[in-house]
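Novice: The structure's right below; bear with me while I get my questions together.
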Amino acid sequence: QYGLMTNAISPASANLEVGGLSQQKINEEVWETMLSAGVFVESDLPVTFNSGIQATLKADAEKLYKYPEKLDVILGHFATFSCIKEADVLLYVPDGWKKFMSTLGSILAIPVAHTKKKPGSGSGYKFIFESPADEALALSAERPCIGEDVVTTLGSVAGVRTLLRPEQDVRSLAMLLRGEVSPAYRTGLTDHYLLQREIPTDKEEFHRRFG
């Protein structure tokens, strides 16, 4: 659907661990893809993240869907990352990354356990499985991997982690780490990122730093 099989996973990027793309090259590609897709969105009034942080600049990964070739870049890097390749079940932070991880799972033939926000919960970090079948699939996994678009503190990923068994070997992969991870959220979780770059929450500061 997105051209991933013929474009994003090329011989040059199919094996990052063995003579493939350098981390610097990945960083450059991800950053340029996000900028050119208009992922960073400004607002006149502050918006509040799940972490409670207020910002006049947010990252909206849904913008990638307007540009299939840019979406392919991110899909390709996710598909070749070790924690995805080794995963036997994929999960995601709902709802923003559901479509992306479902597409990735379909391409790689890795089952996806679906989650959703807990109805009536005042917390942005409370989730439940969409069905008993999704729960059974996730809890049966030996190497589950949680996908996310943008991480600020890792709280949302940690919220999905609480749905799994404590002894499971859980990894996560996000497109961008824009803030500082709270150490408590790393309990029982090994987190990974395509790009780690501090992104200001203030739109004016963003322009000062990045033009």
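The values are calculated or read from the model by the stated rules, or taken from the named source; none is laboratory data. For clarity, every value in this text was computed on a predicted model and none was experimentally measured. Neighbour counts run over all protein chains shown; Cβ positions are idealised from the backbone, glycine included. When the accessible area is computed, the model is the full protein with side chains, heavy atoms only, and any ligands, DNA or RNA have been set aside. Shrake-Rupley method; radii C 1.70, N 1.55, O 1.52, S 1.80 Å.
Novice: Got a sec to turn the phi values of segment 187-199 into Karplus ³J(HN,Hα) couplings, 6.51 cos²θ - 1.76 cosθ + 1.60 with θ = phi - 60°, whole Hz, x for Gly and Pro?
Specialist: 4, x, 8, 10, 9, 9, 9, 5, 9, 10, 8, 5, 10
Novice: On a C-alpha basis, how far is the centre of segment 26-60 from the centre of segment 155-196 in Å? Whole number, if you could?
Specialist: 19
Novice: Got a number for carbon plus sulfur as a percent of the chain's accessible area, 1.4 Å probe?
Specialist: Values: 5080 of 10090 Å².
That share works out to 50 percent.
Novice: Using only helices, what value at 222 nm comes out for the chain when you add -39,500 (n - 2.57) per DSSP H run of length 4 or more and divide by the total residues, to the nearest 500 deg cm²/dmol?
Specialist: -9000 deg cm²/dmol
Novice: Something else about it: Taking the alpha-carbon set of the chain, what are its Rg and Dmax in Å?
Specialist: Over the chain's Cα set, Rg and Dmax evaluate to 16.7, 49 Å.
Novice: Using every alpha carbon pair in segment 132-199, what percent of pairs falls into each 10 Å bin from 0 up to the bin containing the largest distance?
Specialist: 22, 53, 22, 4
Novice: Ranking request for peptides 40-46, 108-114: highest mean number of other beta-carbon atoms within 10 Å first, then the rest in descending order. Intermediate results must be reported in sequence, preceding the final value.
Specialist: Numbers: 40-46: 11.9, 108-114: 17.3.
Final packing ranking: 108-114, 40-46.
Novice: Which percentage, to the nearest 5, of the DSSP beta bridges contained in the chain is antiparallel?
Specialist: Within the chain, antiparallel bridges account for around 30 percent of the total.
Novice: Follow-up question, since we're still on this one. Please compute the per residue accessible area over the chain with all protein chains in place, 1.4 Å probe, rounded to a whole number of Å².
Specialist: On a per-residue basis, the chain sits at 48 Å².
Novice: Which entries in Lys25/Lys118; Lys25/Lys126; Lys25/Lys116; Lys70/Lys116 show an alpha-carbon gap greater than 32 Å?
Specialist: Over 32 Å apart, Cα to Cα: Lys25/Lys118; Lys25/Lys126; Lys25/Lys116.
Novice: Same structure, new question: Only four residue types carry charge here, +1 at the Cβ of Lys and Arg and -1 at the Cβ of Asp and Glu. Report the dipole size of the chain about the Cα centre in Debye, rounded to the nearest 20. Display every interim value, and only then the final one.
Specialist: Values: 22 positive and 27 negative charges, 54 e Å.
It comes to approximately 260 debye.
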